[in-house]
Amino acid sequence: VARAADVDDLVARAQNGEPRAVARLISLVEDESPALRQVAALLAPLAGKAHVVGLTGAPGVGKSTTTSALVTAYRAVGRRVAVLAVDPSSPFTGGALLGDRVRMQEHATDPGVFIRSMATRGHLGGLAAAAPQAIRVLEAAGADVVLVETVGVGQSEVEVAGLADTTVVLLAPGMGDAIQAAKAGILEIGDVFCVNKADRDGADSTARELRNMIALGREGNGDPAGWKPPIVKTVASKVEGIDQLMGALESHREFLTADGLTARRRKRAAAEIEALAIAVIRGGFTTPHRAGQLDELAGQVVAGQLDPYSAADRLLG
Ligand SMILES: Nc1nc2c(ncn2[C@@H]2O[C@H](COP(=O)(O)OP(=O)(O)O)[C@@H](O)[C@H]2O)c(=O)[nH]1
Ligand SMILES: [Mg+2]
């Protein structure tokens, strides 16, 4: 357990860009450390400075390769970049992310790059609460851009959109095509679309299909008026199209006026607070007293003496 003075020191060192302090703070977030409240309080005034970019798409589509190429592109224009690889399904940091770590090695000695992975299973508020807190750590460390990549599994693909100022949806020809993306509900969340593996057959038809589906499917989803999600073709493994992709991300960031950005961030903070509050309430049910009360109410519902809505009111009352 980190002592209060240690936490102060850690945050100060993270602000100086010390990678070890950044890593330690993210571990505190991940492990749901008792020191987390103090960490959160110290980080609150330091947050909100970075452009948070989420990358989502089916496994294998090229998210990690694209992320790594984007890091290089942002570094070339002098930005400090952080990468947060999030695995919402695994209790371990590592596993599926291990390969990504190897891939990110080329950036390992650059003091302007922070790369962290985190697992969120077991965190009190799940991805919705753990990731924003980790993002604040990276902002405190001076990141101008935070790239958030999730291991794409179902709901997390959509959830990552809730974490970002700008969301990139990646597709590749012949896999995770536009129709599948539509089914997964990820067409609505893209601010920028990336057809990666454009060295393969079918990239143009995937882009065309995507353009049609976007035009059809996005009415009334709260797009800032006038923003037409661009479709960028890339070959991430050969670093082709990456500057255009970065340009599209920058354009979206510029397009989001202060008001638009604040609105997105308020939604994100609301989801974070809600996730934490629900987790606290749920945690309350596991006390022996509450568990006993719940069991007794369940008995009354089964016996037809009480309806479940009234039972829920009593449990919360
Ligand atoms: N042909 C081709 N392969 C690519 C491209 N981008 C990535 N890959 C390869 O696709 C595989 C999966 O990439 P990865 O970035 O790990 O995908 P992720 O699961 O979405 O993070 C790797 O073997 C990459 O080298 C590309 O533009 N063209
Ligand atoms: Mg990956």
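The values are calculated or read from the model by the stated rules, or taken from the named source; none is laboratory data. Just so we're clear, the structure is a prediction, and the values are computed from it rather than from any experiment. Cβ placement follows ideal geometry from the backbone for every residue including glycine, while neighbour counts extend to all protein chains displayed. Ligands, DNA and RNA are stripped out before the accessible areas are found, and what is left, the full protein with its side chains, is counted by its heavy atoms. Shrake-Rupley method; radii C 1.70, N 1.55, O 1.52, S 1.80 Å.
If you go through the range 137-152 and keep only what is farther than 13 Å from residue 116 by Cα and within 16 Å of ligand 1 (Cβ to nearest atom), you end up with 151, 152. Of the residues that sit in the range 48-66 and are near ligand 1 (Cβ under 8 Å from one of its atoms) and part of a loop (DSSP other than H, G, I, E, B), which one is modelled with the highest pLDDT? Ranking the candidates gives 62 first. Would you say residue 259 is closer than 29 Å to residue 129 by Cα, open to solvent by 90 Å² or more (accessible area, probe 1.4 Å) and modelled with pLDDT under 85? Yes: the conditions hold for residue 259. Residues in the range 13-32 that are in a helix (DSSP H, G or I) and closer than 22 Å to residue 110 by Cβ: 13, 14, 15, 19, 20, 21, 22, 23, 24, 25, 26, 27.
Check 21, 69 and return the single one that is within 16 Å of ligand 2 (Cβ to nearest atom), modelled with pLDDT of 90 or more and more than 17 Å from the chain's Cα centre (by Cα). Write out each step before concluding.
Working: 21 fails: within 16 Å of ligand 2 (Cβ to nearest atom).
The unique qualifying residue is 69.
Would you tally the residues in the range 68-82 being assigned to a loop (DSSP other than H, G, I, E, B) and among the β-branched types (Val, Ile, Thr)?
Here is the first cut: in the range 68-82, the residues assigned to a loop (DSSP other than H, G, I, E, B) are 77-80.
Filter once more, keeping what is among the β-branched types (Val, Ile, Thr): 77.
So the answer is 1.
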